[in-house]
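Worksheet: the structure to be examined is printed underneath.
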Amino acid sequence: FTVRPLETADGSFARDVLAADSPALVFFYAPTCPYCRMLSPVIDEIAVKYEGSAVIARTDVTVNPLVAQQYGIQGVPSLLLFREGKLVKRMVGVLSGDEIERSLKGIIKLS
């Protein structure tokens with residue numbers, strides 16, 4: 001069994017992310033996006049590393065357009081960090097695992 005990012009969708013986003021007890025990192029992606037495919041293993045690693053201390057989720061914008069629209073996702077990959085149901089940080093493009101983790105650690109400390 002491997003830890004995977006939670007697949008969240010338009011219908012479950014509020015429950016999965018906004019109502020989560022811990023901070024959440026959401027990876028907005030499209031299956032056809034080469035940059036998203038590059039970032040995907042990084043997100044998988046972060047999901048393993050932060051299991052229990054943060055919710056790591058992903059959502060496919062091609063099948064979940066509502067959440068993407070709601071948060072003004074213009075391009076993928078996009079990463080949004082939430083704490084207590086509020087958007088606290090937005091990151092766009094291919095980032096290193098270190099950059100993502102720095103931001104994530106920042107919101108985990110605050111909660």
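Listed values, structure above:
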{"item": "Prolate/oblate/rounded label for the range 61-111 (Cα gyration tensor, a/c 1.5)", "result": "oblate"}
{"item": "Surface per residue (accessible, 1.4 Å probe) for the chain, Å²", "result": "54"}
{"item": "Two-decimal Rg/Rh across the chain, once Rg and the Kirkwood Rh are taken from alpha-carbon atoms", "result": "0.92"}
{"item": "Most fluctuating residue given options Leu66, Leu25, Leu81, as computed from a GNM of the chain linking Cα atoms under 10 Å", "result": "Leu66"}
{"item": "Carbon + sulfur, % of accessible area of the chain - ligands and nucleic acids excluded, 1.4 Å", "result": "54"}
{"item": "For the chain: relative contact order, % (alpha-carbon pairs under 8 angstrom, 6 or more apart)", "result": "36"}
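The values are calculated or read from the model by the stated rules, or taken from the named source; none is laboratory data. Remember, it's a predicted structure, so these values are computed and weren't measured experimentally. Quick note on the areas: whole protein, heavy atoms, side chains included, nothing else; ligands and nucleic acids left out. Shrake-Rupley method; radii C 1.70, N 1.55, O 1.52, S 1.80 Å.
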